[in-house]
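*Asks:* Okay, handing you the structure first.
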Amino acid sequence: MDKLSELVELVSGSPQSRITEAFDEKTPLFTYYSQTDLTDDLVGIISNNLDNKQVRTKDKVNTLCDGDVVFSLITGIATKVRKEHQGYLYTQNYVKLIPNHNIDSKFLVYLINENKTIKKQFMLGMQGSQVLKYTVKQLKELEIPKIPSIAKQKIIGQVYFNQLRLQALRYRVAENETKIRLSKLEEVSENE
């Protein structure tokens with residue numbers, strides 16, 4: 001079995017506490033990548049009214065590009081970054097995974113999020129720890145089960161992302177129907 005570190009290069013995020021904030025308008029402005037951004041990237045929709053933290057800094061910080069695979073050390077969930085989050089700054093709570101040519105990025109996300117063998121390894125790594133946070137070391141050491149051909153990986157990865165998007169859209173429709181019905185009920189009760 002290969003270890004994850006043999007299939008991907010891992011790049012940790014910028015330590016938030018070490019970023020020196022600048023206050024002049026000419027300094028580049030960065031938007032922090034958030035947990036909501038990660039979820040949005042995974043399901044392919046954008047949440048409304050997001051108020052991401054931002055920082056102006058001259059420091060060299062790690063940013064994300066469209067298509068990057070990013071893993072949250074807080075939730076243990078991976079996603080593929082979409083163009084809406086291009087240039088976002090990612091902190092030490094995230095790790096960028098740069099796959100080699102043998103592994104498709106969407107398949108990599110599917111593998112990390114859904115594979116039972118990997119989930120089991122994560123759970124074993126969490127036992128006995130007070131703070132439920134994943135580590136870069138834990139990620140590097142993950143034993144990856146035998147992976148299919150790149151052609152099969154591309155299909156699996158695409159179907160996985162399509163399914164998550166469909167599920168999110170259905171949820172959003174159900175949520176909107178509920179709002180409509182509740183407002184109609186309110187109208188009816190007020191017209192008595």
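*Asks:* Let me spell it out: the conditions are (1) assigned to a loop (DSSP other than H, G, I, E, B); (2) surrounded by 15 or more Cβ atoms within 10 Å (Cβ to Cβ), and ILE46 meets all of them except one. Which number is the exception?
*Replies:* Result: ILE46 passes all but (2).
*Asks:* Suppose the filter is surrounded by 13 or more Cβ atoms within 10 Å (Cβ to Cβ), touching a strand residue (DSSP E or B) at 6+ places or on another chain (Cβ under 8 Å) and at pLDDT below 95; does LYS140 pass it?
*Replies:* yes
*Asks:* Can you tell which of VAL95, VAL109 is in contact with a Gly (Cβ under 8 Å, 6 or more places away or on another chain), closer than 22 Å to LEU4 by Cβ, in a strand (DSSP E or B) and touching a residue at least 12 places away in the same chain (Cβ under 8 Å)?
*Replies:* Of the residues listed, the single one that is in contact with a Gly (Cβ under 8 Å, 6 or more places away or on another chain), closer than 22 Å to LEU4 by Cβ, in a strand (DSSP E or B) and touching a residue at least 12 places away in the same chain (Cβ under 8 Å) is VAL95.
*Asks:* Follow-up. Under the condition of being touching a residue at least 24 places away in the same chain (Cβ under 8 Å) and crowded, with 21+ Cβ neighbours inside 10 Å, which residue from segment 30-41 is farthest from LEU164 (Cα to Cα)?
*Replies:* Here the answer is PHE30.
*Asks:* Quick one: ASN176 ticks every box in (1) among the polar types (S, T, N, Q); (2) over 27 Å from THR36 (Cβ atoms); (3) loosely packed, with under 11 Cβ neighbours inside 10 Å bar one, so which box is it?
*Replies:* The number of the failed condition is (2).
*Asks:* Test LEU97 against the stated conditions and say whether it is closer than 25 Å to ARG18 by Cβ and surrounded by 14 or more Cβ atoms within 10 Å (Cβ to Cβ).
*Replies:* Considered against the rule, which asks whether it is closer than 25 Å to ARG18 by Cβ and surrounded by 14 or more Cβ atoms within 10 Å (Cβ to Cβ), LEU97 comes out as yes.
*Asks:* Evaluate segment 60-76: report whether one residue or more is in contact (Cβ under 8 Å) with a residue 24 or more places away in the chain, buried (at least 19 other Cβ atoms within 10 Å of the Cβ), in contact with an Asp or Glu (Cβ under 6 Å, 6 or more places away or on another chain) and part of a loop (DSSP other than H, G, I, E, B).
*Replies:* no
*Asks:* Here's a follow-up. Are there any pairs, at least 6 apart or on different chains, whose C-beta atoms fall under 7 Å, with the first in segment 17-28 and assigned to a loop (DSSP other than H, G, I, E, B) and the second surrounded by 10 or more Cβ atoms within 10 Å (Cβ to Cβ) and among the charged types (D, E, K, R), and if so, which?
*Replies:* ILE19/ASP59; THR20/ASP59; ALA22/ARG56; ALA22/LYS58; PHE23/ARG56; THR27/ARG56; THR27/LYS58; PRO28/ARG56
*Asks:* Sort through GLN16, GLN86 and tell me the only one that's on the phi < 0 side of the Ramachandran plot and at pLDDT below 95.
*Replies:* When all the criteria are applied, what remains is GLN16.
*Asks:* While we're on this one: Against the condition touching a residue at least 40 places away in the same chain (Cβ under 8 Å), in contact with a Lys or Arg (Cβ under 8 Å, 6 or more places away or on another chain) and either within 16 Å of LEU38 (Cβ to Cβ) or assigned to a helix (DSSP H, G or I) (or both), how does PHE122 come out, does it pass?
*Replies:* So PHE122 fails the test.
*Asks:* Considering each residue of segment 146-192, count those that are over 30 Å from ASN102 (Cβ atoms), touching a residue at least 24 places away in the same chain (Cβ under 8 Å) and among the charged types (D, E, K, R), and give that number.
*Replies:* 1
*Asks:* Another one. Evaluate segment 148-168: report whether one residue or more is surrounded by 12 or more Cβ atoms within 10 Å (Cβ to Cβ) and assigned to a loop (DSSP other than H, G, I, E, B).
*Replies:* Taking every residue of segment 148-168 in turn, at least one turns out to be surrounded by 12 or more Cβ atoms within 10 Å (Cβ to Cβ) and assigned to a loop (DSSP other than H, G, I, E, B).
The values are calculated or read from the model by the stated rules, or taken from the named source; none is laboratory data. What you see is a predicted model; the values in this text were computed from it and never measured. All Cβ positions, even for glycine, are placed from backbone atoms using ideal geometry, and neighbour counts span all protein chains on display.
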